[in-house]
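This report refers to the structure that appears directly beneath it.
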Amino acid sequence: MLNKRPTTTGKKDFFSMAELTDKSPMPQGKFKGQAMENVPYWHLLWLDGKPFCNRDVQKYIDENRDVLEIEKKRDKYRNDNE
């Protein structure tokens, strides 16, 4: 889902790993090591904007927000309070 884009300076961000794809392992937390495509939408939406959210995970969330929101709407077993 994600494409590799060069940085504005042309140099790799020192604090950043390679850009995350659906097949990349989750770099942090409860689902660490699982492919990003297998991390539940509710976990990624919960991480969104948290100060401890990995920069690459935040970028993945931002770029895939439309898919995450569709999954949220289709999930009739979770409510918004969880």
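Any read-out appearing in this document is the output of simple, stated calculations on the displayed coordinates, not a laboratory observation. These numbers come from a predicted model, not from an experiment. Cβ coordinates were reconstructed from backbone atoms using ideal geometry, including for glycine residues, and neighbour counts include every protein chain displayed.
Out of the residues in the range 29-44 that are among the aliphatic types (A, V, I, L, M) and not in a helix (DSSP H, G or I), state the one that is surrounded by the most Cβ atoms within 10 Å (Cβ to Cβ). By that ranking, first place goes to V39. Filtering the range 21-37 to residues that are under 24 Å from R78 (Cβ atoms) and within 11 Å of the chain's Cα centre (by Cα) leaves D22, M26, Q28, A35, M36, E37. The set of residues in the range 45-71 being over 13 Å from L20 (Cα atoms), free of Cβ contacts under 8 Å to residues at least 60 places away in the same chain, assigned to a helix (DSSP H, G or I) and out of contact with any Phe, Trp or Tyr (no Cβ under 6 Å at 6 or more places or on another chain) consists of L45, W46, L47, R65, D66, E69, I70.
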